[in-house]
Every structure is written in C-alpha cells, then in structure tokens.
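Student: Dropping the structure in here first, questions after.
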Amino acid sequence: GARDTRYRVSVAPAEADIVLTFEDQTATQEAGQMRRDFVANVSHELRTPLTALLGFIETLGGAARDDAVARDRFLGIMSREATRMTRLVDDLLSLSRVEEDERLRPKDQVDLETLLSSVIKGLEPQAQSADVTVTLDVQSQMGPITGDAGQLAQVFTNLIENAIKYGASGKAVTVSLLPPQMNTRLRSEAVEVTVTDQGDGIESHHIARLTERFYRVDNHRSREVGGTGLGLAIVKHIVNRHRGRLVIESSLGKGTKVSVFLPLS
Ligand code: ADP
C-alpha cells in the first residue's frame with residue numbers, strides 16, 4: 001500500500017530447521033521519528049528566546065551601556081523572553097509528568113463546581129486584562145467524581161486560558177457544568193464541561209491537529225498571544241487518563257466550544 005511498512009527479518013538456524021521471524025517495525029520507527037521531531041521542536045523553541053537573550057546581553061554590555069531608555073526597553077524584552085522559556089519548561093515538565101501518570105488510575109474525590117470556581121478565580125487577572133468576563137453556569141448539582149484534582153484543574157486552566165486568549169475582547173467566556181448523561185462513545189454515564197468563547201474560531205482542517213505537541217494555528221492572534229503549543233496536548237493526555245473524551249467544535253468568526261466528557265465510573 002501507500003504506507004511504507006518495514007519488517008525486521010531474523011533468521012535463526014536451529015538444528016535442522018530455519019526459523020524466520022517477521023516483526024512489524026513500522027510502529028517503533030514511527031515512535032522514533034516522533035521522538036526526533038519532538039526533540040528538534042523543543043530545541044528550536046528554546047533556542048529562539050535564548051538567542052534573543054544573548055543578543056540583548058551583548059548589547060547591554062556594549063552599545064546600550066549608558067542609554068537608560070534603551071536599557072529599560074531591553075530589560076523588558078529580556079524578561080518577556082525569559083518568562084516564555086520558563087513557561088515552555090513548565091509545560092514540558094507537566095507533559096512528561098502527565099504521560100508518566102497515564103497508567104495510574106486517578107483516585108481523588110473531585111467536586112467539579114468547586115474546582116471550576118477556583119480555576120476561574122485564579123484566571124481573573126488574565127480575564128480582566130483581556131477584557132473578558134468568565135461566567136460559570138452550573139446546570140446540575142451533583143456529587144463528586146473520581147479523578148485527579150490537580151490534573152483536572154490543569155485541564156480547565158488550559159481551556160479557559162485559551163478561551164480568554166483567543167476569545168473576543170468585551171465578550172463573555174462561558175464555562176458550563178452539564179448534568180451526567182449516558183455517553184454512547186464512552187459507554188458510560190458522563191458529565192460534560194464546556195468552555196465556550198466568542199472569538200475568531202478555528203478553521204476546520206486545523207481542529208484534528210490541535211492536540212499535537214507544538215501545533216499552533218499560524219494566524220495573527222496565535223502569534224500575538226501564542227503560548228507554547230503544548231496546552232492542548234497536555235489536556236488530551238489528562239482526559240485520556242480519565243478515560244474521558246475531548247471534543248472541539250468551532251465556527252469561523254463565531255467562536256469555539258471545547259467539551260470535556262468525564263465518565264462517572
Ligand atoms: P497555545 O499555548 O499556543 O495556546 P494550545 O495547545 O493550547 O497552545 O493550542 C494550540 C493552538 O490552538 C493555539 O495556538 C491556537 O491557535 C489554537 N486554539 C486553541 N484554543 C483556541 C480557541 N479557543 N480559539 C481559537 N483558537 C484556539
């Protein structure tokens with residue numbers, strides 16, 4: 001077929017017979033390629049702010065040494081670049097921790113309403129400076145679910161942060177907690193949390209790729225407010241660990257709705 005499948009063939013002469021083993025190597029080769037791409041991406045993402053920092057350090061030590069205005073401006077840029085690197089390293093650590101935990105069953109009792117309120121509260125300053133109001137719409141009073149509290153907080157932090165970043169200023173972001181319902185795909189009762197913004201939306205051909213590491217939509221908005229491109233990859237891993245489902249729906253010019261389904265059992 002079109003796919004290049006590779007086999008490793010081992011020949012082991014044993015007494016009178018010859019034993020041939022065919023082993024499909026495609027998966028391991030793809031994993032190797034993915035790891036190489038990942039390392040290349042990480043290196044590139046770290047290299048960019050580092051190059052900028054080194055350039056400014058040199059300028060500050062030379063030409064700009066006695067220019068107070070330039071010095072302040074450069075220090076501002078350097079601080080932003082260093083913050084960007086810190087965020088990248090934090091996200092990489094989260095991602096590796098989340099991947100590590102993926103085999104463990106979460107076991108906290110999590111009250112989603114409390115968790116969502118506290119996440120929204122923590123994002124208040126960001127929402128304010130983007131002129132976005134985040135509202136929590138609780139459509140069902142329900143008991144706690146079993147999950148990993150810290151990781152679920154991270155899921156909703158990342159999703160609400162995206163809604164604030166890519167939403168429209170002056171418009172609302174709505175976080176809804178919907179009552180448990182039978183979810184045929186999960187074959188279980190599941191609660192649904194949705195995060196809806198009224199931003200520019202995402203072109204449909206990008207949607208399937210958004211949870212890939214470092215995948216970013218290359219548009220004006222992403223360049224301007226862009227994070228690390230790891231946020232949704234982290235979300236995806238955590239939702240998988242909870243045996244849940246992530247659904248992204250978007251309409252260009254209208255906004256985006258991200259739904260997280262979490263099974264009750
Ligand atoms: P980033 O750190 O760049 O925000 P994410 O993994 O969280 O990385 O998201 C990947 C990309 O998906 C973003 O760069 C952005 O282009 C797009 N995206 C995510 N959420 C939204 C949203 N609510 N509205 C529009 N685009 C979004």
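Student: Can T174 be described as within 16 Å of the ligand (Cβ to nearest atom), of a type in the set (S, T, N, Q), surrounded by fewer than 21 Cβ atoms within 10 Å (Cβ to Cβ) and at pLDDT 95 or above?
Tutor: So T174 fits the description; yes.
Student: Further question: Could you please find all residues in region 25-65 being modelled with pLDDT of 90 or more and of a type in the set (K, R)?
Tutor: R47
Student: Kindly provide the set of residues from region 218-234 that are under 13 Å from the mean Cα position of the chain (by Cα) and either in a loop (DSSP other than H, G, I, E, B) or farther than 22 Å from M85 by Cβ (or both), ordered by number.
Tutor: G226, G227, T228, G229, L230
Student: Here's another thing I want to ask about it. Restricting attention to region 189-212, and to residues there that are closer than 16 Å to V247 by Cβ and in a strand (DSSP E or B), which single residue is nearest to the chain's Cα centre (by Cα)?
Tutor: Per the criteria, the residue is V195.
Student: Additional query: Are there any pairs with C-beta distances below 6 angstrom linking a residue in region 58-70 that is in contact (Cβ under 8 Å) with a residue 12 or more places away in the chain to a residue that is part of a helix (DSSP H, G or I) and surrounded by 10 or more Cβ atoms within 10 Å (Cβ to Cβ), with the two at least 6 apart or on different chains, and if so which?
Tutor: These pairs meet every condition: L60/F74.
Student: Also, I was wondering about something else. Picking from S169, S79, S94, which residue would you name as being more than 16 Å from the ligand (Cβ to nearest atom) and either of a type in the set (A, V, I, L, M, F, W, C) or not in a strand (DSSP E or B) (or both)?
Tutor: S79 is the lone residue from the list that is more than 16 Å from the ligand (Cβ to nearest atom) and either of a type in the set (A, V, I, L, M, F, W, C) or not in a strand (DSSP E or B) (or both).
Student: Going through R221, R209, R187 one at a time, which residue ends up being without any contact (Cβ under 8 Å) to a residue 40 or more places away in the chain and within 30 Å of L92 (Cβ to Cβ)?
Tutor: Only one candidate passes the filter, namely R209.
Student: Return the residues of region 97-117 that are surrounded by 13 or more Cβ atoms within 10 Å (Cβ to Cβ) and closer than 19 Å to V191 by Cα; say none if nothing qualifies.
Tutor: P106, D108, V110, D111, L112, E113, L115, L116, S117
Student: Evaluate region 129-145: report whether one residue or more is out of contact with any helix residue (DSSP H, G or I) (no Cβ under 6 Å at 6 or more places or on another chain) and either within 22 Å of S96 (Cα to Cα) or buried (at least 21 other Cβ atoms within 10 Å of the Cβ) (or both).
Tutor: Yes: one or more hits.
Student: If you check L186 against the conditions, is it more than 15 Å from the chain's Cα centre (by Cα) and more than 10 Å from the ligand (Cβ to nearest atom)? Steps first, please.
Tutor: On the way: more than 15 Å from the chain's Cα centre (by Cα): yes; more than 10 Å from the ligand (Cβ to nearest atom): yes.
Against the criterion (more than 15 Å from the chain's Cα centre (by Cα) and more than 10 Å from the ligand (Cβ to nearest atom)), L186 qualifies.
Student: Starting from region 111-131, keep only residues that are at pLDDT below 95, then list their pairs with residues that are of a type in the set (G, A, S) and part of a helix (DSSP H, G or I) whose Cβ atoms are within a distance under 6 Å, requiring at least 6 positions of separation or different chains.
Tutor: Pairs that qualify, where the first residue is at pLDDT below 95 and the partner is of a type in the set (G, A, S) and part of a helix (DSSP H, G or I): there are none.
Student: May I ask you to list the residues in region 204-242 that are more than 7 Å from the ligand (Cβ to nearest atom), of a type outside the set (S, T, N, Q), farther than 19 Å from T48 by Cα and touching a Ser or Thr at 6+ places or on another chain (Cβ under 8 Å)?
Tutor: I207, I234, V235, K236
The values are calculated or read from the model by the stated rules, or taken from the named source; none is laboratory data. Note that the structure is a prediction, hence the values are computed from the model and not measured. Counting neighbours? That spans all protein chains shown, and the Cβs are built from the backbone with ideal geometry, glycine included.
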